[in-house]
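One structure is given below, encoded as structure tokens.
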Amino acid sequence: MQNNTARGILYLCLGVFVFSMQDAIIKQVSGAYPLTEAVCIRGLVAAPILLALVQRDVGWRAIFASDMWPLTVRALIMFVSYTVYYMAFPALPLADAVALYFTVPLFVSALAGPFLGERTGWKVWTAVLVGFVGVMVMLQPGSGLFEPAALLSLVAAAMYAVSMLMARKLSGSQGTSVMAFYQNGVFLLGAGFTAIVLKLLGIVHADHPSLSFLVRPWVWPTLPDFLLMGVCGLVAATGIMLLTSAYRVARASAVTPFEYTGILWAPLWGFLFFSEVPRGTTVLGAVIIIAAGLVALRAAKHPAT
């Protein structure tokens, strides 16, 4: 396995920034369209882009790899993770939903040993825990933490951590583009299958905004909204490649703290597009998280300390 910490951190920070724009788009359409429709449109746009990347990198025959089942399982985990993550958006302020999701490093740090046999030094552990304190500071005294939808972000974080550790484990046998293609394909098929099952069961309404976002019937989108959801496909293709590459080329415990940089973008998009004014605790939490990330970057160079 490759191990290039600086490059992995760069990939991850760029990927988090790219995906933060998708978060804003998904929240924008969450009041009028079902999640499955948005994911399907996104997947259709991303599919030819990712297939072209597979052909360029390793050839399309690599899609039918001998370890296609581990790739499929990883993609299914990612599908569930992102589905429950996006379901939280209609019920929570964007900054709160994203901040709760950034418990990911705690899950990765706890699982990196059993999954990968990596040794995580106490400095990295301390930095990740301090970063988590920053997340908690951002959430208080807001009520989002007590909204049931907050649990969706936490479940998404745990499943995302497992999928990223699987990406690291598969890195010796599969290219980034192949893993990204599988992920997008499962997203597309999974969203379509979910929509069909919900329709056949006659489940088209729910009182809670998170459930309503999932079960709402498909409608013909306006051109601006269709283009917005299509842009998600471009964002997804780019973001998937960047995030998967990050965990392939660097130690999970070294790059994971930089997942926190997403908290810088969530309050900005929330303010610009949804009139969600960041609280003082948001600013303080962001400062704590950035400081923790810088400490983790330095400590990752000496993982055994």
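Details
- Qualifying residue in segment 62-78 (condition: within 28 Å of Trp218 (Cβ to Cβ), modelled with pLDDT of 80 or more and not in a helix (DSSP H, G or I)): no
- Hits in segment 257-301 - residues which are in contact with a Ser or Thr (Cβ under 6 Å, 6 or more places away or on another chain) and modelled with pLDDT of 70 or more: Gly262, Trp265, Pro267
- Of all residues making up segment 190-216, the number that are without any contact (Cβ under 8 Å) to a residue 24 or more places away in the chain, assigned to a helix (DSSP H, G or I) and either on the phi > 0 side of the Ramachandran plot or among the hydrophobic types (A, V, I, L, M, F, W, C) (or both): 5
- Unmet requirement for Gly142, which otherwise passes all of (1) at pLDDT 75 or above; (2) not in a helix (DSSP H, G or I): (1)
- All positions within segment 220-265 that are closer than 26 Å to Val130 by Cα and surrounded by fewer than 19 Cβ atoms within 10 Å (Cβ to Cβ): Leu264
- Number of the condition not met by Ala91 [criteria: (1) within 26 Å of Phe181 (Cβ to Cβ); (2) among the small types (Gly, Ala, Ser); (3) at pLDDT 85 or above; (4) in a loop (DSSP other than H, G, I, E, B)]: (1)
- Residue count for segment 266-278, restricted to those that are in contact with a helix residue (DSSP H, G or I) (Cβ under 9 Å, 6 or more places away or on another chain) and either under 20 Å from Val128 (Cα atoms) or outside any helix (DSSP H, G or I) (or both): 4
- Residue within segment 46-59 that is under 17 Å from the mean Cα position of the chain (by Cα) and buried (at least 16 other Cβ atoms within 10 Å of the Cβ) present: yes
- Take the conditions (1) assigned to a helix (DSSP H, G or I); (2) touching a Pro at 6+ places or on another chain (Cβ under 9 Å); (3) not polar (S, T, N, Q); Leu242 misses just one of them, which is (2).
- Check on Phe187, within 29 Å of Ser30 (Cα to Cα), aromatic (Phe, Trp, Tyr), modelled with pLDDT of 90 or more and touching a helix residue (DSSP H, G or I) at 6+ places or on another chain (Cβ under 9 Å): yes
The values are calculated or read from the model by the stated rules, or taken from the named source; none is laboratory data. Please read these numbers as outputs of a predicted model, since none were measured by experiment. Positions of Cβ are backbone-derived with ideal geometry, glycine not excepted, and every protein chain shown enters the neighbour counts.
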